[in-house]
1. In the stretch A:295-307, which residue that is touching a residue at least 40 places away in the same chain (Cβ under 8 Å) and touching a strand residue (DSSP E or B) at 6+ places or on another chain (Cβ under 8 Å) is surrounded by the most Cβ atoms within 10 Å (Cβ to Cβ)?
2. If B:L18 meets every condition in (1) away from chain A (no Cβ under 12 Å); (2) open to solvent by less than 20 Å² (accessible area, probe 1.4 Å) apart from one, which number is that one?
3. Would you pick out the residues in the stretch A:327-342 that are of a type in the set (V, I, T) and more than 22 Å from A:H450 (Cα to Cα)?
4. Starting from the stretch A:107-121, take each residue that is touching a residue at least 12 places away in the same chain (Cβ under 8 Å) and list its partners that are in a strand (DSSP E or B) and surrounded by fewer than 21 Cβ atoms within 10 Å (Cβ to Cβ), counting only C-beta distances under 6 angstrom and pairs at least six apart or across chains.
5. Give the number of residues within the stretch A:119-131 that are closer than 26 Å to A:Y391 by Cα and touching a strand residue (DSSP E or B) at 6+ places or on another chain (Cβ under 6 Å).
6. Could you list, in sequence order, the residues of the stretch B:23-77 that are of a type in the set (V, I, T), open to solvent by less than 60 Å² (accessible area, probe 1.4 Å) and more than 8 Å from chain A (Cβ to nearest Cβ)?
7. Please return the ranges of strands (runs of 3 or more DSSP E) entirely within the stretch A:117-194 where 1 or more residues are of a type in the set (G, A, S).
8. Tell me which residues, restricted to the stretch A:499-520, are part of a helix (DSSP H, G or I), farther than 23 Å from A:G97 by Cα and in contact with a helix residue (DSSP H, G or I) (Cβ under 6 Å, 6 or more places away or on another chain).
Amino acid sequence: MIPGYGGNILRIDLTGKKASASPVPEQWKREYLGGRGFIARAFWDEIKPGTDPLGPENKVLMAPGPYTGQFLSSSGKLHMGALSPATGGYGDSNMGGHFSLELKQAGIDLLILEGAAETPVTVVIEDGKVTYRDASAYWNETTFETETRLKQELGEAWQIMVIGPAAANGVVFACIQHDFGRQAGRTGVGTVMASKKVKAVAVKGTKDVKLHDARRTLAAGEKMMDQVMKQPGFTAWQPYGTPEVVPWASSQGVMPTRNFQTGVIEGFQNLDGPTMKAKVTEIDKGCTSCAIPCGKWGKGVLNGKEKPQEGPEYESIALLGSNLGITDIQAVAYLNGVCDELGLDSISAGNVVAWSMECYEKGFLSEEELGRPMRFGDAEAAVAMFHDIAYGRGFGRILGQGVRAAATHVGLGTERFAMHVKGLEISGYEARYAPAMMLSYLTCDIGGNHSRSWAVTFDVATGRENFDGKAERVIWLQHVRPLFDALGCCRFPWVEAGLDPESYVGFIEPITGMSFTWDELLKVSERVWNLTRMISCRHIPGFGRAFDNPPPRWVEEGQETGPTAGKHFTREQVDDLLNRYYKLRGWTEDGIPTPGKLEELGLGFCAEAACK
Amino acid sequence: MQVTVRLEGHLREFFPKLHEPRTVACERPITVAEIIEAVGMAASLPSSVLCNRVRVERDHVPADGDELVLLSPLAGG
Ligand code: SF4
């Protein structure tokens, strides 16, 4: 058996309350590595066309990677996947904390939750042995309440993930929460977990993970820890975490503001890292074996009310701060705490509430329809609306179906400023005049998310009006960044502290005994990228270019203010960008991987599913 | 006077000629912004600048022998 892995796929059938373990195919380790790679591969086999995202036939998949917990810095990442109730296509999300290592030490490389329990349960996994606890009494509890309860019942040594009321009430962008503030936030994986009546999963693992060469793994890990802490980027960035980028984002006009009407927020200084450190942060908080750590634990404050929470990190500051017209970091932290306890993805929640504020201010929705005036800058109104969303009350029930569905419901042209791609709300970068970043969003396999390719700096450095090299850069990033999700570690030591990404090659052989060059690792990533594209082809009727569309706002109007005020690309220019991208990828003009491309990547088994 | 300029993160990829630290010689003391422009980059492109490992603003004037590190913006989580 290839070392460096827990060894097993654990399948839990919630309908029959049965669990079974089987070994991970050795070929999967070579061809997909783990984490996101295993999720994509298992997704193809397990979730069949025609599946209802909220039906028992959908599955929640969770996978650590070979690097998880293996001495290298920042190796506590867990990848999760499911058919997304938000987009109808491939969905996944990544979460830090300590669950991933615990799962691996329980001997599990892939956890499959399938079927649906009749009544709410907490799934308890101890070294691969599965038991169930009745969760009916706390089904609608907040995430923090349930995690505290289970920590008290089971003990501190257990790692726990929970859903909140948002998931229990069918909000399509509900997340899974762990370690009081780490989220698998995107694509509604929490909603799918709730559809199976699973309130929480608790895991404890005490098994050793056998390594190919433990001494060399340890030596490489120590060297890396040392390197990370000596990086100048570490010195500058660590005290603040991701909010460090706020001033830069606003000065470049890429900070979404008032529902992406512009990219510059007056008063951004009140949202930056030093202000957060002074007004919110109490202690640092990190994932397994992290030398950095980027998490900041502290208190949000709104009108004298306090809320302990982790963060906010940059995305939450952008979506719950500038995008709602709020420039008080304590209020943003409070909103972040509300989203976390309700189990709402703060990106999608900030996006849909911003859309409702624009609808209100422009007269498309009234106070009566919304339940209250919804003005930009009104944090109390946002708090009230988050609760309405999470508990399915009033207009909150409509917003809880995502901005695409809400805009379709309201009509009246509000679709023009519904900021999503493929049904997933766009995250924290205003990209209408940043071609590589826009292309990153349009082609991201889960919809409007930044995590696969973040290319704003490239746009600024190489000229925003210039298209040359943009598709190449996006593709390179789409292979490098998700590679970390397959390996089960965090990319911050690379993207934030400045380590050479290719240095990660040095761990694969000591951990697993498998030899890979950097280019071979990138080939794995390309394989996974094409596979996730084929999964959406298989599940979304007519999937292709038409789904790689920007929101109309991005091709019809310029920003109100800032360095690129008034500027935007046309639909024809966006088509040009997509043409370049598809050609480089070896896809058809409609954006579908060709049978030849699939064969080349060892994905011949999905060629028949090419979109009709 | 001479100031050493080092790039970190993605900036090193975008400006391969500055992959190795560059020494900038100037006849009079100049600001960080002017030094960044002297190595061929828009002064607004780096997210932060460290002078001898301490964060400084663009209007800071380094002394002879100082080392500037130009940091790339955080790369999107
Ligand atoms: S850098 Fe942050 S997200 Fe990454 S492992 Fe460390 S604490 Fe977790």
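1. Pass one, the stretch A:295-307, residues touching a residue at least 40 places away in the same chain (Cβ under 8 Å): A:295-297, A:302-303.
Of the ones still in play, those that are also touching a strand residue (DSSP E or B) at 6+ places or on another chain (Cβ under 8 Å) are A:295-297.
On the way: A:G295: 22, A:K296: 27, A:W297: 16.
Per the criteria, the residue is A:K296.
2. Failing condition for B:L18: (1).
3. First, pick out the residues of the stretch A:327-342 that are of a type in the set (V, I, T): A:327, A:329, A:332, A:338.
Result: A:T327, A:I329, A:V338.
4. Note: pairs meeting the criteria are A:G107/A:N8; A:I108/A:N8; A:I112/A:R11; A:E114/A:D13; A:G115/A:D13; A:V121/A:Y132.
5. If we filter the stretch A:119-131 for residues that are closer than 26 Å to A:Y391 by Cα, which is where we start, we get A:119-123.
Pick out the ones that are also touching a strand residue (DSSP E or B) at 6+ places or on another chain (Cβ under 6 Å) and you get A:120-123.
Total meeting the criteria: 4.
6. Taking the stretch B:23-77 first, the residues of a type in the set (V, I, T) are B:23-24, B:30-32, B:35-36, B:39, B:49, B:54, B:56, B:61, B:69.
With open to solvent by less than 60 Å² (accessible area, probe 1.4 Å) added as a condition, the list becomes B:24, B:30-32, B:35-36, B:39, B:49, B:56, B:69.
Once the filter is applied, which keeps residues that are of a type in the set (V, I, T), open to solvent by less than 60 Å² (accessible area, probe 1.4 Å) and more than 8 Å from chain A (Cβ to nearest Cβ), the stretch B:23-77 yields B:V24, B:I30, B:T31, B:V32, B:I35, B:I36, B:V39, B:V49, B:V56.
7. Numbers: elements: A:121-126, A:129-134, A:159-162, A:176-178, A:182-184.
Correct list: A:182-184.
8. Matches in the stretch A:499-520: A:E502, A:V505, A:G506, A:P510, A:W518.
The values are calculated or read from the model by the stated rules, or taken from the named source; none is laboratory data. Given the structure is predicted, the values throughout are model-derived calculations rather than measurements. Positions of Cβ are backbone-derived with ideal geometry, glycine not excepted, and every protein chain shown enters the neighbour counts. What goes into the accessible areas is simple: the full protein's heavy atoms, side chains included, and nothing from ligands, DNA or RNA. Shrake-Rupley method; radii C 1.70, N 1.55, O 1.52, S 1.80 Å.
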